[in-house]
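Inspection log for the structure reproduced underneath, given as structure tokens.
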Amino acid sequence: MDKLKHVPQTLALLCLMALAGCTVGPKYSKPSAPAPPAFKESAPAAYSQAPPGTWQPAQPQDAQLKGKWWEIFNEPELNALEENLNIDNQNIAQYFQNFMAARAQVRESRAGYYPTLTAQPAFNRSRSGGGFAQTQQNTTNSPSATGTTATTGTNSVSQSTGNITSNDIVLPFDVAWEPDLWGRVRNTVREYSSAAQVSAADLENERLTEQADLAVYFFELRGQDALQDLYNRTIEADRKALELTKVLVETGIDSPESEAQADVTLKDAEATGLGIATNRAIYEHAIATLIGKAASEFSMPVKMLGTPVPAIPVGVPSQLLQRRPDIAAAERTMAQANALIGVETAAFYPSLNLTASGGLQSSLISKLFSLPSLVWSAGASASQLIFDAGLRKNTVAQYTATYNADVAAYRQTVLTAFQQVEDYIATLRVVSGQIAKQQDAVKAANRYLEIAMSRYQTGLDPYLNVITAQTTLLGDQQTEVTLRVSEMTAAVQLIQALGGGWDEKQLPTASEVTSKAEATKAAGH
């Protein structure tokens with residue numbers, strides 16, 4: 001009992017030693033990623049020579065987008081589609097489950113802080129066979145001729161015993177614990193916590209990508225509706241021109257050649273107009289898939305593209321480092337790689353294992369829970385790998401190189417983010433200026449067609465001049481629609497490049513990655 005009294009003290013001392021253990025490996029610090037003071041393409045000087053009506057970023061420059069960024073377009077139909085996407089998009093659901101798995105891995109790694117307890121109750125009943133358990137010997141002595149006593153005979157009597165049955169009842173408990181002396185478990189928890197944060201950032205990046213794709217497809221579809229309307233009006237005008245040509249041919253003012261030319265122009269317009277339905281159907285099917293519906297069960301009404309491009313708050317480049325989930329994912333990937341170096345560095349140091357077992361053992365169930373039935377043992381062991389042919393050293397070198405590669409990937413992600421923002425700002429500025437000029441070109445083409453048609457009707461010019469004017473007007477109108485769609489999609493892509501209103505403060509912390517409430521928030525529900 002005296003020895004048993006010192007066991008708690010010994011275990012407490014070992015626990016204090018474990019808690020005082022150091023964490024080996026490099027300390028993580030976020031690498032620098034220099035950011036320019038402002039976006040070049042949004043500077044006032046870039047707009048000094050821009051045509052009237054050219055798009056410009058919102059002021060002040062430090063304003064930020066909101067979470068439901070699509071509402072900036074003031075399109076109720078788009079708003080409803082985006083809400084459905086956040087709930088029913090299967091790609092988002094997949095990334096969310098990946099995040100759930102990453103959270104579970106954090107909990108798995110935290111189990112290494114604690115000892116393991118196992119119980120192996122057993123019952124054994126045995127029976128032995130019968131045998132000669134008792135022997136009685138009778139000896140007869142007689143005097144010999146020499147005067148001594150001699151043994152003349154022995155009578156033996158044996159008694160057979162019955163079978164013997166015995167019980168053995170055991171209720172043992174085993175405890176094993178490897179104290180985290182060198183931070184292997186702590187670094188493992190850091191690794192998986194960072195991995196869960198990477199997964200959370202990937203989820204937000206996927207959500208933003210799906211939202212942006214939906215908005216792009218929405219405006220592309222509306223662009224197809226605008227093109228269809230343009231061709232419907234063109235076909236109607238060509239039909240009237242053909243009827244006019246027929247009248248002029250019948251009156252002898254024009255020749256059958258002009259009628260044939262007018263007919264060819266009409267048929268070409270009808271064929272091209274019919275093909276527009278293909279692209280519209282493809283965009284409609286893509287939208288259905290994004291919102292989690294079967295393409296066969298979804299349709300969108302025809303509506304012209306009339307949404308003006310809003311002024312988008314661009315902010316300053318340094319803010320971009322906190323607004324893009326892909327940048328956050330790249331930074332957390334570095335933290336994960338750094339923790340892995342610590343995990344592998346801990347392998348250089350010895351490990352300590354503490355074991356203890358105790359329980360009850362008796363042949364009778366009635367005496368199992370008595371003090372004499374108590375059995376126990378405790379021990380400790382240490383191990384240190386002496387030679388591994390450079391395995392640990394090269395493993396650490398491998399993970400160090402992986403970390404350095406992640407640093408380069410992080411900085412490249414930042415540079416790409418700056419590039420994308422500059423690209424889409426420039427695209428919006430240039431395309432909006434093009435639209436202003438293109439609208440003037442459409443007006444000029446309309447006037448050209450009116451003059452050509454007037455001269456043809458009076459017999460001054462052949463119908464070929466009318467065809468030329470019609471082709472010019474149709475091409476200019478198509479270009480205007482295409483530019484309007486490009487402007488809208490560039491606006492969506494700029495918002496995506498800016499992070500869509502996301503902020504790194506929304507990323508769950510290392511202690512929150514296992515929180516149910518935080519996980520629900522990350523799911524967007």
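Descriptive notes on the structure:
- Theoretical ellipticity at 222 nm over the chain - DSSP helices of four or more residues, -39500 (n - 2.57) apiece, nearest 500: -20000 deg cm²/dmol
- P(r) tail fraction, the stretch 372-413 - alpha-carbon pairs more than 14 Å apart, %: 72
- Taking trypsin sites (Lys or Arg not before Pro) as exposed when DSSP calls them loop and at most 16 other C-beta atoms lie within 10 angstrom, the chain has its longest site-free stretch at 69-292.
- Close amide-amide hydrogen proximity is noted between Ala58 and Ile312, Val314, each under 5 Å apart and 5 or more residues distant or on a separate chain (H modeled in the peptide plane; Pro and chain starts excluded).
- Within a straight-line Cα-Cα reach of under 16 Å, Lys267 can be paired with the following aspartates and glutamates, leaving aside sequence neighbours fewer than 8 residues apart in one chain: Glu236, Asp238, Glu243, Glu257, Glu259.
- One decimal place: the segment Asp503-Ala401 gains 33.8 nm when fully extended, by the rule 0.36 nm per residue minus the C-alpha distance.
- Convex hull of Cα atoms in the chain, direction-averaged projection (nm²): 50.9
- The chymotrypsin sites (Phe, Trp or Tyr not before Pro) of the stretch 373-450 meeting both criteria, a DSSP state outside H, G, I, E and B (loop) and at most 12 other C-beta atoms within 10 angstrom of the site's C-beta, are Phe387.
- Accessible surface of the chain, 1.4 Å probe, proportion on carbon and sulfur as whole %: 56
- The base-10 log of I(q)/I(0) for the stretch 182-316, evaluated at q = 0.12, 0.13 Å⁻¹, reads -0.74, -0.79 [Debye formula, identical scatterers on Cα atoms, solvent excluded].
- Around the Cα centre of the stretch 184-255, unit charges on the Cβ atoms of Lys, Arg, Asp and Glu (plus for the first two, minus for the last two) sum to a dipole of about 500 debye.
- Computed extension length for Glu108-Asp168: 17.9 nm, one decimal, from 0.36 nm per residue of separation with the Cα-Cα distance subtracted.
- Residue among Ala271, Thr289, Tyr231 farthest towards the positive dipole end of the stretch 231-295, charges placed on Cβ: Thr289
- Between Ser48, Pro26, Tyr95, the Cα set farthest toward the positive side of the dipole of the chain (charges on each charged residue's Cβ, about the Cα centre) is that of Pro26.
- Convex hull projection area averaged over all views, the stretch 58-121, Cα basis, nm²: 9.1
- Here Lys40 is the anchor, and the aspartates and glutamates within straight C-alpha reach of less than 16 Å, apart from those fewer than 8 places off in the same chain, are Asp62, Glu422, Asp423.
- The alpha-carbon atoms of the stretch 182-241, seen along their principal axes, cover 88, 9, 5 angstrom, with the largest extent given first.
- Here the ratio of the Cα radius of gyration of the stretch 345-483 to 2.2 N^0.38 Å is 2.98.
- Solvent exposure of the stretch 415-497, expressed per residue, is 45 Å² of accessible area, with all protein chains present and a 1.4 angstrom probe.
- Using a Förster distance of 60 Å, the FRET efficiency for Ser454-Gln90 (Cβ separation, nearest 0.05): 0.55
- In terms of distances greater than 32 angstrom between alpha carbons, the cross-link table entries Lys68/Lys303; Lys66/Lys293; Lys240/Lys437; Lys68/Lys293; Lys303/Lys505 yield Lys303/Lys505.
The values are calculated or read from the model by the stated rules, or taken from the named source; none is laboratory data. Bear in mind that the values here come from a model prediction, so they are computed numbers and not experimental data. Positions of Cβ are generated from backbone atoms using ideal geometry, with glycine treated the same way; all protein chains shown enter the neighbour counts. These accessible areas exclude ligands, DNA and RNA; they are computed on the full protein's heavy atoms, side chains included. Shrake-Rupley method; radii C 1.70, N 1.55, O 1.52, S 1.80 Å.
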